[in-house]
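The values are calculated or read from the model by the stated rules, or taken from the named source; none is laboratory data. As the structure is a computational prediction, the values presented were derived from the model and not from experiment. Cβ placement follows ideal geometry from the backbone for every residue including glycine, while neighbour counts extend to all protein chains displayed. Side chains are part of the model used for accessible areas, which takes the heavy atoms of the whole protein and leaves out ligands, DNA and RNA. Shrake-Rupley method; radii C 1.70, N 1.55, O 1.52, S 1.80 Å.
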Amino acid sequence: MSFSLPDFRRKWSCRGYMSAGAAMVTAALGLSLVLAERAEARKYAAPLDIFGLGTLRPRAKVHSVRIPLPKPRPEEAPQATDEAAPEAEGKPSPEKQLSACRLALTEQIAIAPSIPDIRGPGACGGEDLVRLEAIVLPDKRKVAVKPAAILRCTMASAIADWVRKDMVPLAASLGSTISDLDNFDSFECRGRNRIAGAMLSEHGKANALDVRAIKLANGQSIGLTDRSMPRDVRERVLHSVCARFSTVLGPGSDWYHEDHIHLDLAQRRNDYRICQWNVWDPLPQVAPLLPAGRPEEAPPREVAARPEAKDEAKDGADDEAVQKSPAPADKSAANGTKAEPHKPATKKRR
C-alpha cells in the first residue's frame with residue numbers, strides 16, 4: 001500500500017490535532033484538581049506556608065492540659081502590702097510602727113520630724129531618725145538648732161532634755177534665756193576624727209552631736225571651750241553632760257576636740273562611760289608686765305657678753321660697796337695712841 005505525500009501530511013496533521021486536544025483536556029483536568037485541592041486547603045491553617053506551596057496537612061487536634069491552681073492564702077497569713085513603693089519615694093511607710101521614743105518626742109518637747117532610714121556605705125546610717133530643728137522650752141519658747149541636726153530619736157531626746165532641764169537654769173543664772181544651740185557636726189559617714197581606715201565614728205551612726213556654744217537672747221554666747229568664760233560656768237556644763245551622755249570629749253582628750261565638745265550615747269560593756277574634758281583656768285585679764293628697757297648707760301651687748309667686762313663690772317661694784325660702807329672706829333684714838341694713816345684699798349683680780 002502506497003501513500004502520496006499529501007495524504008501523509010494530512011494523516012499526521014489529524015493525529016497532531018488529536019494529540020493537542022488530548023493535552024488540553026489533560027491540562028484542564030489537572031487545573032481543576034489543583035483548584036479543588038487549594039479550596040480544600042483553605043479549611044486548614046498553614047502558618048508557615050505563606051505562598052501556598054507547602055504540603056497541605058490537616059490541623060492536628062489540640063488536647064487541653066489542666067494546670068493546677070495555687071492553694072488559697074491562709075486566713076492567718078499577714079496581708080501583702082506594697083511596702084517597697086513608699087521607701088523608694090523616700091517616704092516612711094505608713095504601716096511602720098512608731099517607736100516609744102518617737103511617740104514621746106512630741107512637738108511640745110522638740111520640733112523633730114521623722115526622716116527615712118539611712119543605709120550608707122559600710123555600717124553608716126541608722127533607723128528611727130529625726131531632723132532636730134528646734135527645742136521647745138517649758139514656756140513654749142523655741143531654741144533653734146543651727147544647723148538642724150540629723151540624729152537618732154534617742155540622741156535627739158537626750159539633747160532636748162539636757163537643754164530644757166540643765167541649760168535653761170544656767171542661762172537664768174546669767175540673767176538671760178537660751179536662743180540658739182551651735183551645732184558643729186551631727187550625722188556624717190566617716191571614721192573617728194576623720195582618719196582614713198579608723199573605726200566608724202558615732203557620727204556615722206547618727207548617734208553623736210558636737211556643740212561649740214550656747215547663745216543667749218541678750219547676745220552673749222557661752223563658749224564651752226572659751227577660757228574667757230568663768231570657770232564655774234564651764235564646770236556646771238561639764239557636770240551636766242557627763243551625767244547624761246556616755247561619751248564626753250573636750251579639751252585635753254586629744255587634739256581633735258580643743259574647740260568643741262563631743263557628746264554621744266555609745267553603748268559599751270558594763271555601761272562604761274568616758275568623760276574627758278579639762279576645764280582650763282581663765283586667761284589673765286591683764287597681760288604680764290614686760291621687762292624694763294635697757295638703760296642708755298649700759299655697755300653694748302657685745303662688750304657686756306665678754307668675760308673681762310663681767311669681772312670689771314663686778315670689781316667696780318665691790319669698790320662702790322667699800323666706799324659706801326662706814327669706816328671702822330679707830331681703836332688707837334680711844335687708847336690715846338697716834339693713829340696710823342689709812343691706806344686705800346687695792347683691787348684684786350680673780
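Of the residues making up the range 226-235, those that are more than 30 Å from the chain's Cα centre (by Cα) and open to solvent by 60 Å² or more (accessible area, probe 1.4 Å) number 4. The number of residues in the range 186-225 being assigned to a loop (DSSP other than H, G, I, E, B) and either among the hydrophobic types (A, V, I, L, M, F, W, C) or crowded, with 17+ Cβ neighbours inside 10 Å (or both) comes to 13. Residue check: is R244 among the charged types (D, E, K, R), touching a residue at least 60 places away in the same chain (Cβ under 8 Å), open to solvent by 60 Å² or more (accessible area, probe 1.4 Å) and under 28 Å from T154 (Cβ atoms)? The answer is yes for R244.
Assess whether G120 counts as being out of contact with any Asp or Glu (no Cβ under 8 Å at 6 or more places or on another chain), more than 23 Å from R212 (Cα to Cα) and of a type in the set (G, A, S). So G120 fits the description; yes. Taken together, I222, I274 contain a single residue that is in contact (Cβ under 8 Å) with a residue 12 or more places away in the chain and either touching a Ser or Thr at 6+ places or on another chain (Cβ under 8 Å) or among the charged types (D, E, K, R) (or both), which is I274. Of all residues in the range 177-230 being charged (D, E, K, R) and more than 22 Å from T154 (Cα to Cα), which is modelled with the lowest pLDDT? It comes out as R194. Does the range 253-271 include one or more residues that are touching a strand residue (DSSP E or B) at 6+ places or on another chain (Cβ under 9 Å), open to solvent by 60 Å² or more (accessible area, probe 1.4 Å), farther than 26 Å from A144 by Cβ and in a strand (DSSP E or B)? Within the range 253-271 (the criterion being touching a strand residue (DSSP E or B) at 6+ places or on another chain (Cβ under 9 Å), open to solvent by 60 Å² or more (accessible area, probe 1.4 Å), farther than 26 Å from A144 by Cβ and in a strand (DSSP E or B)), the answer is no, since none of the residues qualifies.
Can you pull out the residues in the range 188-207 that are more than 20 Å from D128 (Cα to Cα), touching a Gly at 6+ places or on another chain (Cβ under 7 Å) and aliphatic (A, V, I, L, M)? Answer for the range 188-207, where residues must be more than 20 Å from D128 (Cα to Cα), touching a Gly at 6+ places or on another chain (Cβ under 7 Å) and aliphatic (A, V, I, L, M): A198, M199. Would you confirm, using the coordinates I've provided, whether L174 is modelled with pLDDT under 95 and either closer than 12 Å to D210 by Cα or surrounded by fewer than 21 Cβ atoms within 10 Å (Cβ to Cβ) (or both)? Criteria met by L174. Which of the residues belonging to the range 99-121 are over 19 Å from A144 (Cα atoms) and over 25 Å from the mean Cα position of the chain (by Cα)? Across the range 99-121, the qualifying residues are A100, L103, A104. Against the numbered list (1) modelled with pLDDT under 60; (2) touching a helix residue (DSSP H, G or I) at 6+ places or on another chain (Cβ under 8 Å), F51 comes up short only at (2). Among the residues of the range 161-171, those that are closer than 14 Å to I111 by Cα and crowded, with 16+ Cβ neighbours inside 10 Å comprise V163, R164. Applying the condition of being among the aromatic types (F, W, Y) and at pLDDT 90 or above to the range 257-303 and asking which residue is farthest from M229 (Cα to Cα) yields Y272. The number of residues in the range 150-180 that are under 16 Å from K140 (Cα atoms) and acidic (D, E) comes to 2. When the residues of the range 132-160 are filtered to those that are in a helix (DSSP H, G or I) and not hydrophobic (A, V, I, L, M, F, W, C), the one that is surrounded by the fewest Cβ atoms within 10 Å (Cβ to Cβ) is T154.
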